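Just so it is clear, none of the values below were taken in a lab; they were calculated from the coordinates. Keep in mind that this is a model prediction, so the values were computed, not measured. No Cβ is skipped: glycine too gets one built from the backbone with ideal geometry, and neighbour counts run over all protein chains shown.
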Amino acid sequence: MKKIELTEGKVYTLPEVIDFVKQTLDHVSKKSTRDPLRYSSIDVYWLLFDMLQYVNRNVPGEFILIQTEKDTYRVTYATEDIGKQRSDRKLKAEVNRTAKYLKELTDRQPPRGKKE
């Protein structure tokens, strides 16, 4: 196995980190050929989920592990714009729900403010 040198205070690029992870997994794989340890699909799911949670805290946009069908998952990427659009839709839905509630209480349509 190649040496993995982590210098204190140094910042690593994603390709460098991926290379370290790949080297580590390759080494573990080679050394554990006789090991009976097996991982369930749930184990793998949570490993991927946790990794993406960490990545999402450190990169713009969002990586999501979604189920496409029973027992099948896919990693998707939503840009920052998609996240903002999703947030805007949630806010608009909340405003509409509040307006509906106020109309039910007062029997009048509340003003929505000026359109931009």
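Miscellaneous remarks
- Region 30-68: number of residues that are of a type in the set (S, T, N, Q), surrounded by 10 or more Cβ atoms within 10 Å (Cβ to Cβ) and closer than 30 Å to Lys84 by Cα: 3
- Of all residues in region 69-106 being under 22 Å from Trp46 (Cβ atoms) and aliphatic (A, V, I, L, M), the one that is surrounded by the most Cβ atoms within 10 Å (Cβ to Cβ): Ala78
- Filter result for the condition that a residue is acidic (Asp, Glu) and either on the phi > 0 side of the Ramachandran plot or touching a residue at least 12 places away in the same chain (Cβ under 8 Å) (or both), over Asp107, Asp50, Asp43: Asp107
Residue by residue, here is whether (1) under 16 Å from the mean Cα position of the chain (by Cα); (2) assigned to a helix (DSSP H, G or I) holds:
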| position | (1), (2) |
| --- | --- |
| Met1 | no, no |
| Thr7 | no, no |
| Pro15 | no, yes |
| Lys22 | no, yes |
| Leu25 | no, yes |
| Leu37 | no, no |
| Val44 | yes, yes |
| Tyr73 | yes, no |
| Asn96 | no, yes |
